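Take a look at the structure below.
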Amino acid sequence: MITLYHCDGARSFRPLWMLEEMGLPYELKMLPFPPRVFAKEYLAINPLGTIPFMIDGETKMTESSGICYYLGTKYGPSPLVVGMDDPAYGAFLNWMYFSDATLTFPQTLVLRYSQLEPEERRNPQVAGDYTKWFLGRLRAVEAATANAETLCAGRFTAADIVNGYALRLAGNIGLARDFGPNVAAYWARLQERDGYQRAVAAERKAGVEQNVAPRIRA
């Protein structure tokens with residue numbers, strides 16, 4: 001059984017969504033955010049104290065996009081993963097890395113310096129600068145979805161899951177109001193997927209059952 005450690009709204013939503021899209025059985029363990037502060041026993045499981053953390057037998061992983069790729073290849077074949085013989089393979093990998101390195105990273109700084117830091121440590125200039133960074137990089141998604149329903153390969157893939165999470169985060173921290181029309185329409189389509197809706201429901205249900213309160217989503 002796959003075990004996924006998750007915080008409400010965190011990057012671990014990526015593998016949660018992937019698990020639901022693939023219909024794989026899993027156990028979802030909810031933690032308060034940040035777990036390194038509010039669930040110190042978790043450090044014995046994951047010394048980094050970060051989320052996500054996935055255990056699949058002897059395999060242990062901490063990187064959300066990497067977990068999605070792992071699930072799609074380990075438990076595939078799956079149309080969610082683009083194969084090496086597909087002309088879209090390079091684009092697929094590029095989007096997989098783009099999701100965290102380019103889209104999620106600046107948002108973490110916006111969130112930190114606008115909401116998570118104590119009032120005296122918040123920095124509107126940092127938050128504003130990295131908001132502009134994020135929106136500038138989002139132009140790549142705006143262009144890619146101008147004449148396509150998904151990012152690559154002519155179908156929904158894990159690349160849409162991992163970048164879709166970045167759009168979810170943007171909505172949670174107030175940046176979605178600046179989405180271009182193509183990105184806004186693309187994000188609306190992603191939210192209509194059954195797999196996405198099941199992941200949201202699983203997140204909420206586990207939070208209630210395990211008595212973990214929702215947080216500022218990130």
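The values are calculated or read from the model by the stated rules, or taken from the named source; none is laboratory data. Just so it is clear, the structure is predicted and the values come from calculations on it, not from any experiment. Positions of Cβ are generated from backbone atoms using ideal geometry, with glycine treated the same way; all protein chains shown enter the neighbour counts. Side chains included, ligands, DNA and RNA excluded: accessible areas come from the protein's heavy atoms. Shrake-Rupley method; radii C 1.70, N 1.55, O 1.52, S 1.80 Å.
Per the conditions (1) of a type outside the set (A, V, I, L, M); (2) in contact with a His (Cβ under 8 Å, 6 or more places away or on another chain); (3) exposed (fewer than 14 other Cβ atoms within 10 Å of the Cβ), the sole criterion not satisfied by Glu58 is (2).
Which one of these does Val81 not meet: (1) out of contact with any strand residue (DSSP E or B) (no Cβ under 8 Å at 6 or more places or on another chain); (2) farther than 21 Å from Ala153 by Cβ? Status for Val81: all satisfied but (2). Per the listing Ile51, Ile45, the residue uniquely open to solvent by 40 Å² or more (accessible area, probe 1.4 Å), under 22 Å from Cys7 (Cα atoms), touching a strand residue (DSSP E or B) at 6+ places or on another chain (Cβ under 9 Å) and of a type in the set (Val, Ile, Thr) is Ile45. Scan the stretch 178-185 and tell me whether some residue there is on the phi < 0 side of the Ramachandran plot and either of a type in the set (Asp, Glu) or modelled with pLDDT under 95 (or both). The answer is yes, given that some residue of the stretch 178-185 is on the phi < 0 side of the Ramachandran plot and either of a type in the set (Asp, Glu) or modelled with pLDDT under 95 (or both). Examine the stretch 75-89 for a residue that is assigned to a loop (DSSP other than H, G, I, E, B), charged (D, E, K, R) and modelled with pLDDT of 95 or more, and state whether such a residue exists. Within the stretch 75-89 (the criterion being assigned to a loop (DSSP other than H, G, I, E, B), charged (D, E, K, R) and modelled with pLDDT of 95 or more), the answer is yes, since at least one residue qualifies. Scanning the stretch 180-192 for residues that are open to solvent by less than 10 Å² (accessible area, probe 1.4 Å) and in contact with a Ser or Thr (Cβ under 6 Å, 6 or more places away or on another chain) yields a count of 1.
Given the condition over 15 Å from the mean Cα position of the chain (by Cα) and either in a loop (DSSP other than H, G, I, E, B) or modelled with pLDDT under 95 (or both), answer yes or no: does some residue in the stretch 91-100 qualify? No, every residue in the stretch 91-100 fails to be over 15 Å from the mean Cα position of the chain (by Cα) and either in a loop (DSSP other than H, G, I, E, B) or modelled with pLDDT under 95 (or both). Residues in the stretch 84-114 that are surrounded by 17 or more Cβ atoms within 10 Å (Cβ to Cβ) and either farther than 21 Å from Val183 by Cα or touching a Pro at 6+ places or on another chain (Cβ under 7 Å) (or both): Leu109, Arg112, Tyr113, Ser114. Within the stretch 193-217, take every residue that is outside any helix (DSSP H, G or I) and over 22 Å from Leu71 (Cβ atoms) and give me the one that is least open to solvent (accessible area, probe 1.4 Å). It comes out as Val212. Of the residues making up the stretch 178-218, those that are over 26 Å from Val141 (Cβ atoms) and among the acidic types (Asp, Glu) number 1.
This table checks each residue for (1) under 25 Å from Ala199 (Cβ atoms); (2) in contact with a Gly (Cβ under 7 Å, 6 or more places away or on another chain); (3) free of Cβ contacts under 8 Å to residues at least 60 places away in the same chain.
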{"position": "Pro87", "(1), (2), (3)": "no, no, yes"}
{"position": "Asn94", "(1), (2), (3)": "yes, no, yes"}
{"position": "Val110", "(1), (2), (3)": "yes, no, no"}
{"position": "Pro124", "(1), (2), (3)": "no, no, yes"}
{"position": "Val183", "(1), (2), (3)": "yes, no, yes"}
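Restricting attention to the stretch 45-90, the residues being more than 18 Å from the chain's Cα centre (by Cα) and closer than 13 Å to Leu19 by Cα number 6. Candidates in the stretch 121-179 are the residues that are in a loop (DSSP other than H, G, I, E, B) and of a type in the set (S, T, N, Q); of these, the one that is most open to solvent (accessible area, probe 1.4 Å) is Asn147. Checking each residue in the stretch 1-33 for being of a type outside the set (A, V, I, L, M, F, W, C) and assigned to a strand (DSSP E or B) picks out Thr3, Tyr5, His6, Tyr26, Glu27, Lys29.
Selection of first residues in the stretch 129-141 that are in contact (Cβ under 8 Å) with a residue 40 or more places away in the chain and of second residues that are open to solvent by less than 60 Å² (accessible area, probe 1.4 Å), restricted to Cβ pairs under 6 Å at least 6 apart or on distinct chains, gives the following pairs, ordered by first then second residue: Thr131/Val110; Phe134/Pro106; Phe134/Gln107; Val141/Val183.
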